[in-house]
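Working notes, structure below.
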Amino acid sequence: MAGLMKISFLIHTVYGIGGTIRTTLNLAEELAARHEVEIVSVFRHRDIPLFTIDPRITVVPLVDTRPKSPTCEKAHPDQLRSAEHFPRNEARYQEYSRLTDERVRAHYARSDADVVVGTRPGLVAYTAQFAPEGAVLIGQEHMTHHHHRAVLREEMRPHLERIDAFVTVSEGDAAVWREQMRLSGTRIVCIPNSVPEPMVVPSDRSGTTVVAAGRLSKEKRYDVLISAFAQVVKVRPEWTLRICGWGPEKARLRRHIDRLGLNNSVYLMGPRSPIEPEWAKGAIAASTSRHESFGMTLVEAMRCGVPMVSTDCDYGPREIIRDGEDGLLVPVGDVDAVAAALLRLIDDEDLRQTMGRTAVRNARRFDPSAIARRYVDLFAELGAGEPAGGAPASGGAAEGAAAGVPAAAGHGAVRDGRSGRGGAAPVVDAVAEGDGSVSVTLVPVGAARRDGLRLVCVPHAGPAKKRGAGERTYPFGNDGTATIPAGDVFAEGTWRCHVEGVEGGSRVALAVRAADQRGSLDAARRQRAGEPVRHLVPHRSPPEGLLELRAWSRDVHAEAGDVQVAGHDGVAVTGRLYGQGTGGPADGRPELLMRLQGGGPEGGRESVAPGAWLPDGRFRLVVPLHELQRREGRDRARPDVWELWMRASPGREPVRIGRVLDDVIAKGDVFTYRTVLRHRPRPLLLLRRVLRKLRGRKQLLVAITPLYDGGNALNIQVTDQ
């Protein structure tokens, strides 16, 4: 067995989100249980990392690029000079400089690391040049041989010759490197990425959601997935597709969704961290990449019990998925094949369930413990480490927890100046249960539970805070869990969660490891028409990662469903009315009430349009576009925003139309709709004159866009183009 080692990972930044960061943290956390581990982050561009970092891991940022930081070094003279030791043909060359050269060199000049691991080509070059003498040098390839241009591969050759081992994440890619770049003295080996056991209960695969996740880039070919899903919803309109991630292709994908009319079926969810709670919401997972060096998302989904439909691209998917056993492989770029595979799993629930259970079992081979053993064995074979039996590496629970409150070990810590004494925030898991209750469980810390702990929910933002709503308190049981019963009335807004109550200890904000929101997906199904809306969704606060609850509490509520462009004449909104005394189909015809926001002579203007009740009890209201365009003398530099309300029948009190009965906190970022472009009505003669002067311009067009505001209410925005 290898002895104690100090292992240093050199990474571009540990403060962002991405596959390399995630897998580095997975491996580092596992190694930190036995060895001393540091992550050297060349850049620090935000205050708090997006991923939780184990407190046993030392993080060393070298160059501060935070714009608002007093130590920001973007304008440092050496940062403005080109790097001399970073490969010129590396994709991130422009970001590196004489300053990064010097900071990396200086760090390792005083380092006693036994192993240094470079995590991208340029950092492998830094490792080869600057790592301490006698250290084992490892280069990681998180992409593939073919991903890099030939000129970069040749530039990297002398650096690769100096390192001890070059590690790829797939056997297929390792074979190509061995064949195409023969390196004397450098071992080329494959060790796949690791993925830990999920922190949430695996999916039961009973829902109607397909989930995909990853950077919104051309390589991921989400356009293929969206096109395939258009075929799916023609047959199974109740199914939805969620794509989690961010990237440069977001706007193009949004336009693709608009063109296919999939706004009520395909949602761009934005970045999600941690991702496991999102996988667990799915019944099926999908990946349509044209290229994958490994496929972290595939393993993550499988570990969450979700069968994967994936393109059979080079190289990872075919080494991860066992086709027909725990997932389905389809040809790259084949829209019809992707649609057929999705429908096969949608229509065959027994197959879906069997594949999901098998996926959990098969994906265990990627557990961090198994992958870390392979790395430790490699390090030892290359000569790293002290004799076994040395003292364990320093580390452990984060210091500075508030008195009487347990601090989390092994799951990171969050500093929050508002949490009493400013100590490390205790860590919890939160679950939105299927019955509408919320459970909050302290993550085990290996110490005996103490009596008297209380969960305290404090109004933090929105109407709840403005109205001075009182705090809500719930006891933690012997199992470390506090339960907020379904139906408890929380004033609408955001509530922050704290723990207090041990031996007079101070109140401390709670950091959340995972917020499992699956129960919130059932909110609309369990809501009864005659009952008021009481909905509570646990979530992580950005960027601190603290536990918050988003509360909706309405005695009467009009929940928006599908929003469709109804030809050239209107936007049709369907939905359902909840609450006592709201009336219904038996009481008469519903009405749409539009109110213009803002001041001015026409501020507060209202317009009414008739609606209809559908056979299943939902309402259908059509927003007349011509009515939105009739306002004269409007300030064209500022868009008009029309609020949408409904009356169950003439004479009743209007109810604002919104969307609250789901798991999404920021609705406006997710639920978006197609823009309608219309000509503004003009007298014919005037129109001809204007057209002659402004031929080819867009000033005669008006854009009409349905949107959700910060209060999750549905509006219509009118903008001159």
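The values are calculated or read from the model by the stated rules, or taken from the named source; none is laboratory data. Everything numeric in this text was worked out from a predicted model, so none of it was measured. Because the Cβ atoms are built from the backbone with ideal geometry, glycine has one as well, and the counts that use them run over all protein chains shown. Just so you know, the surface numbers come from the protein's heavy atoms only, side chains and all, with ligands and any DNA or RNA stripped out. Shrake-Rupley method; radii C 1.70, N 1.55, O 1.52, S 1.80 Å.
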Assuming R0 = 22 Å, what is the FRET efficiency of Arg638 and Thr675, from their Cβ-Cβ distance, to the nearest 0.05? 0.80
Express in Å², to the nearest 10, the accessible area of Val60 obtained by rolling a 1.4 Å probe over the protein heavy atoms while all chains stay in place. 30
If Asp334, Asp223 are ordered by their accessible area, calculated over protein heavy atoms with a 1.4 Å probe, which sequence runs from highest to lowest? Asp334, Asp223
What is the helix-to-structure angle for 222-235, meaning the angle in degrees between its Cα long axis and the longest Cα principal axis of the chain, kept from 0 to 90 and rounded to the nearest 10? 50
Show me, for segment 206-217, the HN-Hα J-couplings you get by feeding each phi into the Karplus relation (A = 6.51, B = -1.76, C = 1.60, θ = phi - 60°), rounded to Hz, glycine and proline as x. 9, x, 10, 10, 9, 10, 10, 8, x, 4, 7, 10
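Where the only charges are on Cβ atoms (+1 Lys, Arg; -1 Asp, Glu), what is the dipole of segment 146-216 about its Cα centre, to the nearest 20 debye?
Details: 9 positive and 9 negative charges, 42 e Å.
Roughly 200 debye, rounded to the nearest 20.
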In 10 Å bins starting at zero, report the fraction of Cα pairs in the chain per bin as a rounded %. 3, 13, 20, 23, 20, 13, 6, 2, 0, 0
Set the Förster distance to 60 Å, then compute FRET efficiency between Val489 and Lys74 from the Cβ-Cβ distance, nearest 0.05. 0.75
Most positive-pole-ward Cα, Leu31, Pro624, Ala551, against dipole of the chain from beta carbon charges: Pro624
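Rank these by accessible area, largest first, 1.4 Å probe: Glu133, Glu531. Walk me through the numbers before you get to the answer.
Values: Glu133 190, Glu531 80 Å².
In descending accessible area the options line up as Glu133, Glu531.
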Note, Asp314: beta-carbon cut-off 11 Å, +1 each Lys/Arg, -1 each Asp/Glu, net -2
So what is the calculated 222 nm ellipticity per residue for the chain, using -39500 (n - 2.57) for each DSSP H run with n of 4 or more, over all residues, to the nearest 500 deg cm²/dmol? -6500 deg cm²/dmol
Within the chain, how many Lys pairs that are eight or more residues apart, or on different chains, come under 18 Å at the alpha-carbon? 4
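Could you put Arg178, Arg472 in order of accessible surface area, largest first, with the 1.4 Å probe and the full protein assembly present? Walk me through the intermediate numbers first.
On the way: Arg178 100, Arg472 65 Å².
Per-residue accessible area, sorted high to low, gives Arg178, Arg472.
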Charge tally in the Cβ shell below 13 Å around Ala230, where Lys, Arg are +1 and Asp, Glu are -1, Ala230 excluded: 0
Within segment 556-575: backbone nitrogen closer than 20 Å to the Arg525 label point (7 Å, Cα to C-beta): 559-562, 575
First compute the accessible area of the chain with a 1.4 Å probe, then give the percent of it belonging to carbon and sulfur atoms. 48
The helix 349-362 Cα axis meets the longest alpha-carbon principal axis of the chain at an angle in degrees, between 0 and 90 and rounded to 10, of 30
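Let me know the charge dipole size of the chain about its Cα centre in debye, to the nearest 20, where only the beta-carbon of Lys, Arg (+1) and Asp, Glu (-1) is charged. It would help to have the intermediate numbers written out before the result.
Details: 99 positive and 89 negative charges, 697 e Å.
In total the dipole reaches around 3340 debye.
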Would you kindly calculate the translational diffusion coefficient of segment 292-359, applying Stokes-Einstein with the Kirkwood radius from alpha carbon pairs, for 37 °C and a viscosity of 0.692 mPa s, and quote it in µm² s⁻¹ without decimals? 279
If you fit an axis through the alpha-carbon atoms of helix 171-180 and take the longest principal axis of the Cα set of the chain, what angle between them do you get, 0 to 90°, nearest 10? 60
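Using 0.36 nm per residue, how much length does the chain from His626 to Arg182 gain when fully extended, once their Cα-Cα distance is taken away? Kindly include the intermediate steps, with their values, before the conclusion.
Details: separation 444, 0.36 × 444 = 159.84 nm, distance 7.03 nm.
Extra length from His626 to Arg182 when fully extended: 152.8 nm.
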Heavy-atom accessible area of Phe366 with all protein chains present, probe 1.4 Å, nearest 10 Å²? 10
Kindly state, to the nearest 0.05, the FRET efficiency for Arg357 paired with Ala175, given R0 = 35 Å and r defined as their beta-carbon distance. 0.60
